[in-house]
Amino acid sequence: MIKIKGVNGNLVFFFESDDFNKQYQYLQNKFENNHQLLSGARVIFTGGGLDNFSHEQFISLQRLCLDYGAVLNNTELPIKKAAPPPSPSLQAAARSNNDLFIHRNLRSGQKIRSEGSIVVWGDVHESAEIIAAGDIIILGKLAGIAHAGCYGDINAIVFALNLCPSQIRIGNRISRASGNDSSRNIAEVACCDYGGIIIKEYNPRENLGRS
């Protein structure tokens with residue numbers, strides 16, 4: 001089924017089967033019977049079974065581990081060599097089916113990835129990392145790393161009620177923290193403009209270049 005081993009301070013999950021439903025239920029039962037198993041543990045996913053998981057199934061596994069207090073470490077779905085990344089047009093059409101909503105804070109060291117947009121109802125602590133094919137919306141403080149439009153979509157945005165990231169990426173463009181006072185609770189948005197990334201106060205009347 002799933003082998004779980006401690007390796008170099010990490011809790012490594014070896015997925016040997018591609019039967020997602022059985023493996024998900026197995027982990028859920030295991031975590032439910034031992035609430036302390038994942039508390040603060042750094043989790044790594046590996047094994048051939050992952051190759052046949054969809055991105056939605058993989059995200060469900062991430063969410064399950066987060067619900068029981070895990071710190072996700074290098075838990076990215078392997079990219080199959082035969083399948084190239086989706087084009088920006090196809091990616092935009094599929095966003096609504098792959099959006100990820102997280103109703104909790106993301107602690108330092110946690111890493112989340114979505115093939116759509118990501119909405120976090122909470123804070124993203126320093127060194128936490130969020131990667132999204134679409135937009136990143138933080139309804140709290142963003143102090144970690146945010147990469148929106150990870151397949152090259154420079155029309156993606158990063159929004160936060162308190163925007164003080166250690167790093168922002170949009171498409172292939174990158175910007176680091178400006179060193180501004182992070183105590184200002186002003187909603188701001190980061191977007192691409194004139195070849196770089198700009199950060200400005202959020203204005204709901206702006207469409208940020210979108211139709």
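The values are calculated or read from the model by the stated rules, or taken from the named source; none is laboratory data. Every value quoted in this text rests on a predicted model; they were computed, and no experiment measured them. Positions of Cβ are generated from backbone atoms using ideal geometry, with glycine treated the same way; all protein chains shown enter the neighbour counts.
The table below lists the values:
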quantity	calculated
Among (1) more than 16 Å from the chain's Cα centre (by Cα); (2) among the acidic types (Asp, Glu); (3) under 19 Å from Ile131 (Cβ atoms), the one test that Glu16 misses	(3)
Restricting the stretch 147-164 to residues that are small (Gly, Ala, Ser) and assigned to a loop (DSSP other than H, G, I, E, B), the residue that is modelled with the lowest pLDDT	Gly152
Of residues in the stretch 165-186 being hydrophobic (A, V, I, L, M, F, W, C) and at pLDDT below 90, the one surrounded by the most Cβ atoms within 10 Å (Cβ to Cβ)	Ala177
Total residues in the stretch 5-15, condition surrounded by 14 or more Cβ atoms within 10 Å (Cβ to Cβ) and of a type outside the set (Val, Ile, Thr)	5
Residue in the stretch 5-16 that is of a type in the set (Lys, Arg), in contact with a strand residue (DSSP E or B) (Cβ under 6 Å, 6 or more places away or on another chain) and at pLDDT 85 or above present	no
Contacts under 9 angstrom Cβ, first residue in the stretch 168-188 being over 13 Å from Ile199 (Cβ atoms) and part of a loop (DSSP other than H, G, I, E, B), partner hydroxyl-bearing (Ser, Thr, Tyr) and at pLDDT below 90, 6 or more apart	Gly171/Tyr151
Residues located in the stretch 113-146, provided they are buried (at least 24 other Cβ atoms within 10 Å of the Cβ) and outside any loop (DSSP other than H, G, I, E, B)	Ser114, Ile118, Val120, Val124, Ile130, Ala132, Ile136, Ile138, Leu142, Ala146
Test: residue in the stretch 88-98 that is more than 15 Å from Cys150 (Cβ to Cβ) and modelled with pLDDT of 80 or more	no
